[in-house]
Amino acid sequence: MRSKENPAESAAHSQLTQQVVEHVRSLIDRGELSPGDRLPPERELARTLKISRSTLRSGIGFLSAMGVLKSRHGAGTFVSTGPAALDSSSLSVLGSLHHFLPWQMFEARLVVESSIAALAAERATDEQIAELSEEVTEMYASLDDPQQYLVHDVRFHRTIARASGNPILGALMETIASNLYDNRRLTVDNSLDLKESAGMHREIYRAIRSHNPPAARKAMEDHLNLARMSQASEAGTPQTLTDTPADPAKAR
């Protein structure tokens, strides 16, 4: 049986893990590592930091969970490309620990993504607008295939996040939405309103194409409220998703 690590050993291990995090961060800050670059070999990094390879792996694992690094089997560890999502599995764990409620997740998404849509209406490029148009077209073509429809739904929202020009908001949206989409994949086959959903996505697209932030915000809010009710209906548990208490403090 493995002996229990004492507090002093645990603190020392945590400090060494943080040393790995700070070293990788400094390499990125100095421009020595860029998105897509491969980290130096484990042996070289461990020697540079004067730590064991097992401790190094703990630090790399922490950075991978944060979305900063990505390991590829047989190829090494690389700096993530693009604005990485915050680790959605960590949010799931926190949700279980602190009893996040489904309606709270939707509320968070509503606040973040409606603002993202408004920013996208100000900043979207012609190329991004064309991508949105293509995804809406594919949604209408996938009305009889809910799982495929969901793929284009996800791509549509990710394009809007990129079009907002703010990778921090995009990462927040991706983190929240990923948890909701994980559940949606299990229920979307029961959907009865994909055509209405596609129509709302088209309204969001039109508002962004017209560079009308208030209209984009309103269209996104309308869509997300419908999505909340639809997913609740699909799952057969409407009260857990749609009943926002008048006094949220009483729901704790």
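The values are calculated or read from the model by the stated rules, or taken from the named source; none is laboratory data. In this text the structure is predicted, and so the values were computed from the model without any measurement. Just the protein is used for accessible areas: all its heavy atoms, side chains included, with ligands, DNA and RNA removed. Shrake-Rupley method; radii C 1.70, N 1.55, O 1.52, S 1.80 Å.
Estimated at the nearest 10 Å², the accessible area of GLU22 is 80 Å² with a 1.4 Å probe. Ranked from largest to smallest solvent-accessible area, with a 1.4 Å probe on the protein heavy atoms, LYS50, LYS218 come out as LYS50, LYS218.
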